[in-house]
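In what follows, a structure is listed as structure tokens, so that the remarks can point back to it.
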Amino acid sequence: MVPDLKQTFRWFGPGDPVTLSAIKQTGASGIVTALHHIPCGDVWDREEIRQRKAVIESAGFNWVVVESVNIHESIKIGSAERDQYIDNYIQTLQNLASEGVFTVCYNFMPVLDWTRTHLDYQLANGASALLYNAPALAAFDLYILKREDAFNEFTTEQQATAKHYFDGLSDEDRTLLTNTILAGLPGTDEVFTIAEFKEHLNKYSEVDAQALKENLFYFLRAIIPYAEKLGIKMCIHPDDPPFPILGLPRVASSLDDLIDIVNSYPSVANGITLCTGSLGASGKNDLPEIISRLGNKIHFLHLRNVARQPDGSFYEADHLTGSVDMYAVMKAIINEQMARKNAGRSDMAIPMRPDHGHKLLDDFNYDTYPGYSVTGRLKGLAELRGLEMGIKRILYDEQ
Ligand code: CS2
Ligand code: MN
């Protein structure tokens, strides 16, 4: 029998309204966190890492994954200061390894992290979910941001739908939509203004997807040799959504992208975070196929679902229902665990988290980070754990 996946929960640190003692009741044993208060690009001090780890351990958990050590924009753009920020990144990895934290998630999305248009989309059962509404995004791009090139990127029909959508919004709705789309990094309350965002966008005027990929490879060639020596496993989180938005290039949206990334510097230290919700937002991504091709590179799992709509919109569905076949995903993961077992690898208990959850029941009484409710995530985790147990028992115990 292979060991169960390592069940983890994201915790945003001491300011998170979801406390470690609440997380204890979910049954998770691992914590995923970051020093969110340290500005992106600065070195994480060893003492601060040690203190955070002590808090986690005194609550009876392990700090299993760092999510994320974010990548400074200069590295993504490939500007002159990038080498200094790469040195800082390596120093942070050294400090993490010295304190015994060895799995590091990151992403290479320009300017923004994940993008949604609505944070409280009402579901039929009274719960709420995160939503990416394609007409709303287009309305923002065309008529609020007023990005010059945007009109070339939408069909006449999409423009008309977006205009209709925009015309139906009050001033207040428009502000809310803007603030939702321009949210900064998870774990922070920052929101870009339109002017700030435009400034960031301009920096990417010369950076197309190919250039962004080259900049990612430059970063990986610089850091992976150190990570490997330190025993750190880096795992890139896919783009969310996994297609270009707002004129920004994308590099980690498909199986081919992920293959390019792991091949750019082959090493156990150069791996991926398999996020089924992010990759699943594109109908072109076949999740079980991605797992069967890249399974041995998966250092971290985000298992959640999305319900894709015909117009390119999607909302975050229940973990086991939606456009991603979670049964097939879990089966492919268990096969990967078996392959690791047969190869004598010790990393079979891959860290997994339910990623986001709906707002359910008491969740409406807490101001948690968007997507990071406690009851909704607990429900997702419980469903995933049951699915895992059922598949394992059928595959391996009852033959
Ligand atoms: C996360 C991502 O909240 C989420 O959706 O899965 O934001 C993730 O933290 C980063 O992209 C990884 O760097
Ligand atoms: Mn994710």
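We did not get these values from a lab; they are worked out from the coordinates using the rules stated. The structure presented is a predicted model; accordingly, all values stated were derived computationally and were not measured. Because the Cβ atoms are built from the backbone with ideal geometry, glycine has one as well, and the counts that use them run over all protein chains shown.
Percent of Cα-Cα pairs more than 20 Å apart in segment 282-348, please.
Details: 752 of 2211 pairs.
Here the long-distance tail beyond 20 Å is 34 percent of all Cα pairs in segment 282-348.
For Ala22 and Ser205 in the same chain, what is the full-extension length gain: residue separation times 0.36 nm, less their Cα-Cα distance, in nm? Present the calculation step by step, with values, prior to reporting the outcome.
On the way: separation 183, 0.36 × 183 = 65.88 nm, distance 4.50 nm.
That pair, Ala22 and Ser205, stretches by 61.4 nm at full extension.
Hey, what did segment 1-109 get for relative contact order, percent, Cα under 8 Å, at least 6 apart? Don't jump to the answer; show the numbers that get you there.
Values: 144 pairs, mean separation 29.8, N = 109.
Value for segment 1-109: 27 percent.
Rounded to the nearest 500, what is the chain's calculated 222 nm mean residue ellipticity when only DSSP H runs of at least 4 contribute -39500 (n - 2.57) each, over all residues? Kindly include the intermediate steps, with their values, before the conclusion.
Numbers: 15 runs with 162 residues, N = 399.
Computed ellipticity for the chain at 222 nm equals -12000 deg cm²/dmol.
Just rank His299, His37, fewest to most, by other beta-carbon atoms within 10 angstrom. Walk me through the intermediate numbers first.
Values: His299 25, His37 11.
Lowest count first: His37, His299.
If the chain between Ser79 and Asn263 were fully stretched, how many nm would it gain, using 0.36 nm times the residue separation less the Cα-Cα distance? Present the calculation step by step, with values, prior to reporting the outcome.
Working: separation 184, 0.36 × 184 = 66.24 nm, distance 2.38 nm.
Gain on extension, Ser79 to Asn263, equals 63.9 nm.
If a/c stays under 1.5 just call it rounded; otherwise compare a/b with b/c (prolate if a/b is bigger, oblate if not). Do that for segment 125-212, with a ≥ b ≥ c from the square roots of the Cα gyration tensor eigenvalues.
Numbers: a/c = 1.67, a/b = 1.13, b/c = 1.47.
Taking the square roots of the gyration eigenvalues as a ≥ b ≥ c, segment 125-212 is oblate.
Just report the Cα centroid separation between segment 248-298 and segment 324-345, whole Å.
Here the two parts' Cα centres lie 16 Å apart.
Once the mean 1/r over all distinct Cα pairs of segment 304-396 is inverted, what Kirkwood radius in angstroms do you read off?
Working: mean 1/r = 0.0678 Å⁻¹.
It is 14.7 Å.
Starting from the Cα gyration tensor of segment 68-141, take the square roots of the eigenvalues, sort them a ≥ b ≥ c, and report rounded, prolate or oblate (rounded when a/c is under 1.5, otherwise prolate if a/b is larger than b/c, else oblate).
Oblate is the answer for segment 68-141, as a/c is 1.5 or above yet b/c matches or exceeds a/b.
When only Cα pairs under 8 Å and 6 or more residues apart are kept, what is the percent relative contact order across the chain? Working shown, then result.
Working: 721 pairs, mean separation 73.7, N = 399.
Result for the chain is 18 percent.
Defining a contact as two alpha carbons under 8 Å apart and six or more residues distant in sequence, what relative contact order in percent does segment 315-399 show?
30
State whether segment 1-62 is rounded, prolate or oblate according to the following rule on the C-alpha gyration tensor (a ≥ b ≥ c being the square roots of its eigenvalues): a/c under 1.5 gives rounded; otherwise a/b larger than b/c gives prolate, and the remaining case gives oblate.
Numbers: a/c = 2.10, a/b = 1.66, b/c = 1.26.
Prolate, because a/c is 1.5 or more and a/b exceeds b/c.
For the chain, give the share of DSSP beta bridges that are antiparallel, in percent and rounded to the nearest 5; count only bridges with both residues there. Please list the in-between numbers first.
On the way: 12 of 37 bridges.
Of those bridges, close to 30 percent are antiparallel.
Could you pull out the trypsin sites (Lys or Arg not before Pro) across segment 220-302 that fall in loop regions by DSSP (anything but H, G, I, E, B) with no more than 15 other Cβ atoms inside 10 Å?
Details: sites: Arg221, Lys229, Lys233, Arg250, Lys284, Arg293, Lys297; in loops: Arg250, Lys284.
Those that pass, being in a loop and sparsely packed, are Lys284.
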